Amino acid sequence: MKSEIKTALILVIAIAIGIGAISTVLSTLDVPAQVSDSTLETKSLEINKSGLKMAPDLAGIAYYLNTTPEELSKEIKGKVVLYDFWTYSCINCIRTLPYITAWDDKYSDQGLLIIGVHTPEFEFEKDPENVKMAIAKHRIRYPVALDNDMKTWKAFENRYWPRKYIADHEGYLRYDHIGEGGYKETEKVIQQLLGERAASLGIQTASKESLVDIKEFEHSMFRTPELYFGYKFAQNRNQLGSDEGFQPGKTASYSEPTNMELHKFYPVGDWENREDSMRLASDTGSIKLSYNAKEVNIVADNNADLEILLDGQVLPPKYRGKDVMSDGTLKVSKAGLYNIISEESSSSHTVEIRVSGKGFQIFTFTFG
């Protein structure tokens, strides 16, 4: 073979090898790099927290239940923390508890810490024994801090029951929800913040989980507002329909009403007017109310027997609340919330509560 041909051949082979090598390099550049989920999560964590507030420390706590101050101080570090402001006689708070306890069961092992900040509305709610009974009733296993002087409430600048704040694992407040509802939204925030925590700590996150599925209470669109029996609590509210009106610090004799207005209550008999309640001073008495709702509750204290009448008749079975016995009566034995009327849909009625038991104390009507 001539030298010119050999040289040409060698050149062609070299060019072919070069082209192949270049193609290989270029082909590798066309394939996207394999990025782990944790890397993607870490990149998504570039959150500007300069405008966020840090969760305040718990302040002025009178009692710790299901924990101690020392245990809670250790446990809170590096956790996603849900602060639930509640009080055990608040029906709106009670309706949220199935979701909160379910989240505790589901996410506590993944880094979620729930702290129930129990801030009382009424004096009897400051008693730790009463709160312990409520904790047992609602199967609450997470820590509960009794904020009897409302110092933690004020530190959070809170004004509502219930209210949920969620802080991320660095202590920044990332979520705030007032009242009932928003459960799916709240749980998605919990999942997001737990994911951020896991990525920050370099630990494996669980695959995306389904949300807690609990039927939500459906409120009536038009319902009677909460009615307060204490003259201080009822300030600026026109809720007592009796001509005698509130008589602060005195025992007043209330007569049978001749006419009843919707959304107003009418005590009958001798009732002591207190700041937060009315207390029956006679052996018997009654309370009448014209309302619109599908659920009626009372917050009451001191031993008494109550007979519940609806539109002048013994309370029919289909309207009986869960605390009413089969004969349409209810026994008040401890301070708390009692469900007296429950039906499928909202409607207007007149309810009469006949009370036997001097010293019976009633704080409020609440409706659903």
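Exposure proxy ranking for Leu240, Leu52, Leu280, based on other Cβ atoms within 10 angstrom of each Cβ and starting from the fewest, stands as Leu52, Leu240, Leu280. The translational diffusion coefficient of segment 297-339, from Stokes-Einstein at 4 °C and 1.567 mPa s with a Kirkwood hydrodynamic radius over alpha carbon pairs, comes to 122 µm²/s.
If you place +1 on the Cβ of every Lys and Arg and -1 on the Cβ of every Asp and Glu, how big does the dipole about the Cα centre of the chain come out, in debye to the nearest 20? Walk me through the numbers on the way to the answer.
Values: 42 positive and 52 negative charges, 175 e Å.
Around 840 debye, computed over the chain.
Only loop residues by DSSP count here, and only those with at most 15 other Cβ atoms within 10 Å; note down the chymotrypsin sites (Phe, Trp or Tyr not before Pro) in segment 131-214 that meet that.
Tyr160
When DSSP beta bridges are restricted to pairs lying wholly in the chain, around 85% turn out antiparallel.
Net charge dipole, segment 228-368: roughly 300 debye, given to the nearest 20, about the Cα centre with Cβ charges of +1 for Lys and Arg and -1 for Asp and Glu. Counted residue by residue at 0.36 nm each, then reduced by the alpha carbon distance between them, the extension gain from Asp109 to Thr329 reaches 74.7 nm. Considering only Gly111, Ala198, Ser346, and ranking their Cα positions along the charge dipole of the chain that arises from unit charges at the beta-carbon of Lys, Arg, Asp and Glu, the one farthest toward the positive end is Ala198. Ranking of Met278, Met221 by neighbouring Cβ atoms within 10 Å, starting from the fewest: Met221, Met278.
With a cut-off of 8 Å between alpha carbons and a minimum separation of six or more residues, what is the relative contact order of segment 227-367 in percent? It comes to 29 percent, rounded to a whole number.
Sorted from greatest to least, the principal axis extents spanned by the alpha carbons of segment 63-201 come out as 45, 33, 28 Å. Taking other C-beta atoms within 10 angstrom as a stand-in for reagent exposure, His138, His169 fall in the order His138, His169, fewest first. Computed from label points 7 Å out along Cα-Cβ, the spacing between Asp149 and Glu71 is 2.5 nm.
The angle between the Cα long axis of helix 128-137 and the longest principal axis of the Cα atoms of the chain comes to about 60 degrees, rounded to the nearest 10.
Peptides 250-263, 305-318, 91-104: what's the order by average Cβ count within 10 Å, highest mean first?
Per-residue mean Cβ counts within 10 Å order the peptides as 91-104, 305-318, 250-263.
Taking the alpha carbon gyration tensor of the chain, multiplying each eigenvalue by 5 and rooting it gives semi-axes of 64, 22, 17 Å, largest first.
Look at the alpha carbon pairs under 8 Å that are at least 6 residues apart: their mean separation over the length of segment 133-238 gives a relative contact order of 14 percent. Each residue of segment 96-110 is assigned a 3J(HN,Hα), and the resulting list reads 7, 4, x, 6, 5, 5, 5, 5, 4, 4, 7, 10, 4, 6, 9 Hz, derived from the Karplus form 6.51 cos²θ - 1.76 cosθ + 1.60 (θ = phi - 60°), x at Gly and Pro.
Could you give the dipole magnitude of segment 69-174 about its Cα centre, charging the beta-carbon of Lys and Arg +1 and that of Asp and Glu -1, in debye to the nearest 20?
I would put it at about 300 debye.
Using Cα-Cα distances under 8 Å and only pairs 6 or more residues apart, what relative contact order does segment 63-201 have, in percent?
34
Note on Glu216/Lys358: beta-carbon distance plugged into 1/(1 + (r/R0)^6) with R0 of 35 Å gives a FRET efficiency of 0.30. Taking 0.36 nm per residue of separation and subtracting the Cα-Cα distance, full extension of the segment from Asn236 to Lys318 would add 26.0 nm.
Read-outs: derived from the displayed coordinates by stated rules, not from any lab. Keep in mind it's a predicted model, so treat the numbers as computed, not measured. Positions of Cβ are generated from backbone atoms using ideal geometry, with glycine treated the same way; all protein chains shown enter the neighbour counts.
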